[in-house]
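A quick write-up on the structure given underneath.
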Amino acid sequence: MNLDFSQIVPYIPFILKGIGATLKFVSISIIIGFVLGTLLALCKITKVPFLKGFAVFYTSVFRGTPLILQLMIIYFAVPQLTGYDISAFLSAVLTFGLNSAAYISEIIRGGIQAVDRGQTEAAEALGVPYKPMMLNIILPQAFKNILPAMMNEFITLTKESALVSTIGYLDLMRRAQIVGSDIYRNFEPLILAGLIYWVMVYILTVAGSLVERRLRQSD
């Protein structure tokens, strides 16, 4: 086997900078997805037909089309339709945030519906308005139940973040590709990138398990 990892040693700092770039846009995307996903989840359980229909349609579109297609549409179509030269970073944040919202909305909806119906009935019997009831009673219990699924979504986004290399964003994968092109050897930098992805996902998995265990102990 013609392997020589010594050639990528000078490029390791360059590749490692991709960790921050990757986590930066993934973290912002998950925040956008969480906020928008919560709103969509509330729309799905509402009795207003228009809001419910919109939320269901939104989820259907973003779950039913490839993520890379959504990324390409936002990155290439926005300048064509609006004349605004959108950056690779903003394209990545919008795409992953909007896509994540569709999945998170289903997670939160399931978490809300998993809360004992008696909680809602008791709040209604006491005359608690809908908004305070959701914010102070239902959602806190739902979020506690959906934490494992939310951590899984964060992990999934971290792995799928490699797709942004297709639009030139200098994430971990893109930097590994640049190094491969520079030294005319692709296997070694890609293996290094894969190892880094694995370490990031492992750390996130352990962190999620610790938080979940802490929540169970607080019950």
- Query: Looking only at residues in region 37-52 that are closer than 15 Å to Tyr103 by Cα and hydrophobic (A, V, I, L, M, F, W, C), which one is surrounded by the most Cβ atoms within 10 Å (Cβ to Cβ)?
  - Reply: Ala41
- Task: Answer with yes or no whether Phe34 is buried (at least 20 other Cβ atoms within 10 Å of the Cβ), of a type in the set (Phe, Trp, Tyr) and touching a residue at least 40 places away in the same chain (Cβ under 8 Å).
- Result: yes
- Report yes if Thr156 is surrounded by fewer than 17 Cβ atoms within 10 Å (Cβ to Cβ), closer than 30 Å to Gly18 by Cα and out of contact with any Lys or Arg (no Cβ under 9 Å at 6 or more places or on another chain), otherwise no. yes
- Task: Kindly list the number of the only condition in (1) at pLDDT 85 or above; (2) more than 22 Å from Ile30 (Cβ to Cβ); (3) among the basic types (Lys, Arg); (4) surrounded by fewer than 17 Cβ atoms within 10 Å (Cβ to Cβ) that fails for Arg185.
- Result: (4)
- Message: Looking at the structure I just gave you, is Val26 more than 21 Å from Ala142 (Cβ to Cβ) and either touching a Pro at 6+ places or on another chain (Cβ under 9 Å) or among the hydrophobic types (A, V, I, L, M, F, W, C) (or both)?
- Response: yes
- Query: Taking only pairs six or more apart or across chains, which ones have beta-carbon atoms under 9 Å, a first residue in region 42-53 that is touching a residue at least 60 places away in the same chain (Cβ under 8 Å) and under 15 Å from Ala142 (Cβ atoms), and a second residue that is acidic (Asp, Glu) and surrounded by 12 or more Cβ atoms within 10 Å (Cβ to Cβ)?
  - Reply: Lys44/Glu106
- Query: Mind checking whether some residue in region 55-65 is modelled with pLDDT of 90 or more, under 17 Å from Ala162 (Cα atoms) and within 20 Å of the chain's Cα centre (by Cα)?
  - Reply: no
- Across region 85-144, which residue is surrounded by the fewest Cβ atoms within 10 Å (Cβ to Cβ) among those that are within 30 Å of Leu170 (Cα to Cα) and free of Cβ contacts under 8 Å to residues at least 12 places away in the same chain? Asp85
- Going by the conditions given, is Ala101 hydrophobic (A, V, I, L, M, F, W, C) and in contact with a Leu (Cβ under 6 Å, 6 or more places away or on another chain)? yes
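The values are calculated or read from the model by the stated rules, or taken from the named source; none is laboratory data. Just so it is clear, the model here is predicted, and its values are computed rather than measured. Cβ coordinates were reconstructed from backbone atoms using ideal geometry, including for glycine residues, and neighbour counts include every protein chain displayed.
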